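Student: This is the structure I have questions about; it appears just below.
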Amino acid sequence: METKTILVDEHVNNDESYAQAVDYIRGGEVVAFPTETVYGLGADAMNATAVDKIFAAKGRPTDNPLIVHVDSKETALEYVEDVPEKALQCMDAFWPGALTLILQAKPDTFASNVTAGLPTVGIRVPNHPVALNLLKRLKRPVAAPSANTSGKPSPTMAGHVYFDMDTKIPLILDGGPTQVGIESTVLDMTSAPPVILRPGQVTKEQLEEVIGTVRLSSETKGNTPKSPGMKYAHYAPAAPLYLIEHNSKLIEKAIDHIHGKKKKIAVLSREDFETADYCFPLAVDKLYDSLRKCDQTDADLILACVLPENEDAALMNRLEKAADHKWFS
Ligand code: TXA
Ligand code: MG
């Protein structure tokens, strides 16, 4: 299959581009599109055959459910039931935006592979003109996980999507780099108090200002994870990634040590380390691009320089997963 990328710029007339995307999705195909967080791989959430194509293109385990995207709170409420008051408050406060709410799905609405057979669904209204335009024209809910190969860093640019999805999907809508750079906060509204299953741009503090106490998921700890996606490897670059405390002396020592073993090193940091073979920026909106850039090098090892106490919770969460919790020592 040929994979076409089309630019959807706010300043040009894009009617034809959207019409193509709508035709593909209505016809049961998969189209990649930008959201404010990361690019999504979208299909008609009511068409199981179309949704299967998402799992196939990503190589995603079928027990990991997908997030459903809709154009408004009103549309969302057509597909979910037993919606708690606090969920409505979150919708009003954060939608459109980087917050996914786990709610009871109305039975027999979504294709069962969207929710991996669960009675709940993750749903959000993305805050991106291209995504909203597409959803408004489609008049259908769109199941869309991040548009990367399963296990790899999520795509924040159309080029990232093309790298992973070339020949696998017919169309990529290119809306430029995404603003946020990491995936939405996932908040489970079916527990009391609500639980953050995945941290993101919308923080625990911001949520608590609106709905009171919110818990942070304590990850798996041997039990079946509440968010099925959490048990899988994530965001991993090809070379092993280690976390290291951001302390210049410590990092220079680590670089020396690795060079002593005749190995090449890439560093992710807010500061340039000239002795490293490669150095890429570390920031929420640059993380995935930097991880992907490491894959373009011959580095044998990657060090991510962090100050755990000061880091953004969502950034730290992604880095810990990408490193599989390994610290350099
Ligand atoms: O920012 C985002 O959320 C992006 C853009 C494209 O919207 N999408 C995204 O989707 O990150 P994905 O599929 O890569 O991540 C979905 C996460 C997974 O961790 C999954 O396990 C969880 O949401 N999830 C989905 N439905 C769920 C449900 N019913 N119960 C618990 N967790 C769920
Ligand atoms: Mg993902």
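What follows draws every value from the coordinates through simple rules; no lab data is involved. Bear in mind that the values here come from a model prediction, so they are computed numbers and not experimental data. A quick note on method: Cβ atoms are made from the backbone with ideal geometry, for glycine too, and the neighbour counts reach across all protein chains shown.
Student: Please work out if Ala144 is surrounded by fewer than 17 Cβ atoms within 10 Å (Cβ to Cβ) and either of a type outside the set (Lys, Arg) or within 10 Å of ligand 1 (Cβ to nearest atom) (or both).
Tutor: no
Student: I'd like the full set of residues that are outside any helix (DSSP H, G or I), away from ligand 1 (no atom under 11 Å from the Cβ) and of a type in the set (Gly, Ala, Ser), limited to the range 152-188.
Tutor: The answer is Gly175, Gly176.
Student: Give, as residue ranges, the helices (runs of 4 or more DSSP H) completely inside the range 21-113 that count at least 3 residues that are in contact with a strand residue (DSSP E or B) (Cβ under 6 Å, 6 or more places away or on another chain).
Tutor: Of the helices (runs of 4 or more DSSP H) lying wholly inside the range 21-113, those with at least 3 residues that are in contact with a strand residue (DSSP E or B) (Cβ under 6 Å, 6 or more places away or on another chain) span 48-58.
Student: Strands (runs of 3 or more DSSP E) wholly in the range 221-312 with at least 3 residues that are without any contact (Cβ under 8 Å) to a residue 40 or more places away in the chain and crowded, with 20+ Cβ neighbours inside 10 Å - which ones?
Tutor: Because the criterion is at least 3 residues that are without any contact (Cβ under 8 Å) to a residue 40 or more places away in the chain and crowded, with 20+ Cβ neighbours inside 10 Å, the strands (runs of 3 or more DSSP E) in the range 221-312 that meet it are 265-269.
Student: Looking only at the range 89-130, filter to residues that are polar (S, T, N, Q) and either away from ligand 2 (no atom under 16 Å from the Cβ) or surrounded by fewer than 24 Cβ atoms within 10 Å (Cβ to Cβ) (or both); which one of those is nearest to Glu74 (Cα to Cα)?
Tutor: Per the criteria, the residue is Gln89.
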